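Have a look at the structure below before the remarks.
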């Protein structure tokens, strides 16, 4: 029988798998997607479509992990003037602000380098892709898991399981026997999935023409006709010149403007940075279209993320056989890469304490 089943191959799941592997514990990791990384996702040439930055001054766990893995990183480019557009079609105003990104750094080659480095330390036989968990049963001495996978169903028995995935997806997609308490299910519903309703744009260009104009690539728009909320210089040491942007539109608005979205986004980039911005090669990633990221509740934008680190979700269920994880359960850094690592660390401690108690 498997000792620990980890459900979710994002940063929390991969970090926990590395901790267990280092301690010579028995485990297997199951991921519903065809790839590892979860919300860490990049274009083929290494531009981040999910998490993009980490902040060494505020986030010690991710900073230490990047160093331990020997990954190279670069500060977010911020040299030059920043832009603010407050009226539709209006001329943006420029301003200067030192360290506008708060000391943010990006991993060279994209955050996928983090995923690849963590996965490379694990035995490939322990990693199972395209395994979507659909049912969990408490059998008293162990837990039985039923997965949907390309060739049908797969049943796994484990002494402990860790759900390293967004709580709302757990509540929406997985059947539990016995049913979880109402307080637990409500805590899951109250926990918005970070980034689930967001969309990001990457606009590639032959040269970073904005730098030649004395601009940093950082811009913010604050008018009602805006499509792009903010932009940044998305180039790094191993990729071509590019601008990145968050889309301000809700999932429903993006659907409504789907056919003209590229044209509207290009027009706004031109308003901000000039005619050269029209010729970009653009990639979009709409996280609301990802069934393994976005729940139905997440389609309605959340106004608060204060429910992260819920004490209810940090308390193991089924006499310590069922653990809830993922960045949304973190007390510190919830929603960020830092939170995913914090979650993995305290779950690792909880699993060890449970084994000691049983022994």
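Anything in segment 6-62 that is part of a helix (DSSP H, G or I), out of contact with any helix residue (DSSP H, G or I) (no Cβ under 7 Å at 6 or more places or on another chain) and outside the structural domain of residue 329 (by TED's automatic domain parsing)? List them, or say none.
60
Out of all the residues in segment 81-101, is one or more in a strand (DSSP E or B) and surrounded by fewer than 14 Cβ atoms within 10 Å (Cβ to Cβ)?
Yes, segment 81-101 contains at least one residue that is in a strand (DSSP E or B) and surrounded by fewer than 14 Cβ atoms within 10 Å (Cβ to Cβ).
Enumerate the pairs (first residue in segment 175-189 and part of a strand (DSSP E or B); second residue anywhere and at pLDDT 95 or above) with beta-carbon separation below 6 Å, excluding pairs fewer than 6 apart on the same chain, so at least 6 apart or on different chains.
175/135; 176/136; 177/137
How about segment 62-77: which of its residues are over 13 Å from residue 105 (Cα atoms) and exposed (fewer than 12 other Cβ atoms within 10 Å of the Cβ)?
Across segment 62-77, the qualifying residues are 68, 70.
Would you say residue 28 is crowded, with 23+ Cβ neighbours inside 10 Å, modelled with pLDDT of 95 or more, over 23 Å from residue 240 (Cα atoms) and more than 17 Å from the chain's Cα centre (by Cα)?
No, not satisfied.
Looking only at residues in segment 309-326 that are touching a helix residue (DSSP H, G or I) at 6+ places or on another chain (Cβ under 9 Å) and either at positive phi or not assigned by TED's automatic domain parsing to the domain that holds residue 344 (or both), which one is modelled with the highest pLDDT?
It comes out as 326.
Could you say which residue among 166, 123 is in contact (Cβ under 8 Å) with a residue 60 or more places away in the chain and either closer than 28 Å to residue 99 by Cα or surrounded by 18 or more Cβ atoms within 10 Å (Cβ to Cβ) (or both)?
166
What are the residues in segment 32-60 that are surrounded by 13 or more Cβ atoms within 10 Å (Cβ to Cβ) and either over 16 Å from the mean Cα position of the chain (by Cα) or free of Cβ contacts under 8 Å to residues at least 24 places away in the same chain (or both), if any?
Result: 45, 56, 58, 60.
Which residues, taken from segment 218-265, are in contact (Cβ under 8 Å) with a residue 60 or more places away in the chain and farther than 21 Å from residue 206 by Cβ?
220, 221, 222, 223, 224, 225, 226
Hey, residue 302 hits all of (1) within 18 Å of the chain's Cα centre (by Cα); (2) buried (at least 18 other Cβ atoms within 10 Å of the Cβ) but one; which does it fall short on?
It fails just one condition, (2).
The values are calculated or read from the model by the stated rules, or taken from the named source; none is laboratory data. This structure is a prediction, so every number in the text was calculated from the model and none was measured. All Cβ positions, glycine included, derive from the backbone under ideal geometry; neighbour counts span all protein chains shown.
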